[in-house]
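Asker: Provided herewith is a single structure, encoded as structure tokens, for subsequent inquiry.
The values are calculated or read from the model by the stated rules, or taken from the named source; none is laboratory data. If you're wondering where the values come from, they're calculated on a predicted model, not measured in any experiment. Ideal geometry is used to build each Cβ from the backbone, glycine not excepted, and the neighbour counts take in all protein chains shown. Keep in mind that these areas ignore ligands, DNA and RNA; they rest on the heavy atoms of the full protein, side chains included. Shrake-Rupley method; radii C 1.70, N 1.55, O 1.52, S 1.80 Å.
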Amino acid sequence: MSELSLNRQYPSLPWIAPFAVFMILLAVGPSLPIPQPWESILRVGVLIAVMLTISKDVVLSLRVRHVVPSVLLGLAVCAMWVAPDQLFPGWRGHWLFQNSITGTVKTTIAPAELADPLVVMLRVVRAALLVPILEELFWRGWLPRWIVNNDWQKVPLGTFNVLAFVATAMLFASEHGPFWEVGLLCGFIYNWWMWKTKSLGDLVLVHAVTNAALSGFVMVTKQYAYWM
């Protein structure tokens with residue numbers, strides 16, 4: 001069955017598949033008997049392949065309508081993300097953030113592997129270019145519309161619904177483990193911008209700027225815990 005007929009039979013697939021593959025790779029990647037940088041190359045290659053096949057039409061349809069505000073918002077979200085730990089040393093060590101439910105702060109890349117420029121470059125590519133697309137397709141493009149109506153294709157992008165607005169922000173926060181509180185604020189901000197702009201392309205840009213700025217902060221300060 002071709003991806004075209006598969007997408008017609010399962011219209012949610014282009015919106016869900018990249019995120020699902022990303023989460024699977026995140027879960028099994030560290031246990032795969034594949035050394036760096038090949039494990040990073042595999043992750044990036046698989047994600048690109050999924051987005052350029054199953055999700056190609058959706059990805060190519062993305063358009064940015066509000067470049068400057070989206071860039072500024074992305075930078076503001078990055079500042080908000082790092083602010084608690086920079087302003088209040090030891091903030092992330094509180095039991096509210098690191099516990100048996102949310103997990104502990106740790107990077108997915110071993111310290112020794114961070115000395116490999118290719119590994120670092122691929123991590124930045126994944127964070128700044130791929131993750132914003134695959135996460136926004138799921139978190140702002142599909143899930144809130146599906147919560148509003150199981151026949152989600154009838155729900156316009158950016159439709160406001162209290163349950164969808166709050167639920168997606170909370171689930172987005174849960175994805176970020178020990179950083180759940182800034183993840184929750186980020187989820188609310190991204191949801192608000194989606195409602196405001198009705199443009200998934202702008203959400204991808206905001207998310208990309210946030211992640212790119214955070215990657216720059218990580219590389220300059222060597223605070224790799226932000227690369228979960």
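Asker: Take the residues in region 23-49 that are of a type in the set (A, V, I, L, M, F, W, C) and open to solvent by less than 20 Å² (accessible area, probe 1.4 Å); name whichever of them is farthest from L122 (Cα to Cα).
Answerer: Residue satisfying both the conditions and the ranking: L47.
Asker: Can I ask one more? May I ask you to list the residues in region 185-223 that are assigned to a helix (DSSP H, G or I) and among the charged types (D, E, K, R)?
Answerer: Result: K196, D202.
Asker: Among the residues of region 143-171, count how many are of a type in the set (D, E, K, R) and either part of a helix (DSSP H, G or I) or within 19 Å of the chain's Cα centre (by Cα) (or both).
Answerer: Result for region 143-171: 2.
Asker: How about region 149-167: which of its residues are crowded, with 16+ Cβ neighbours inside 10 Å and closer than 13 Å to S12 by Cβ?
Answerer: Result: W152, V155.
Asker: Looking only at residues that are of a type in the set (S, T, Y) and touching a residue at least 40 places away in the same chain (Cβ under 8 Å) in region 73-116, which one is most open to solvent (accessible area, probe 1.4 Å)?
Answerer: T104
Asker: Check off (1) touching a residue at least 60 places away in the same chain (Cβ under 8 Å); (2) part of a helix (DSSP H, G or I); (3) open to solvent by less than 30 Å² (accessible area, probe 1.4 Å); (4) under 23 Å from P84 (Cα atoms) for V119 and give me the number that stays unchecked.
Answerer: The single condition V119 does not satisfy is (4).
Asker: Taking region 1-31, which residues are among the hydroxyl-bearing types (S, T, Y) and modelled with pLDDT under 80?
Answerer: Matches in region 1-31: S2, S5.
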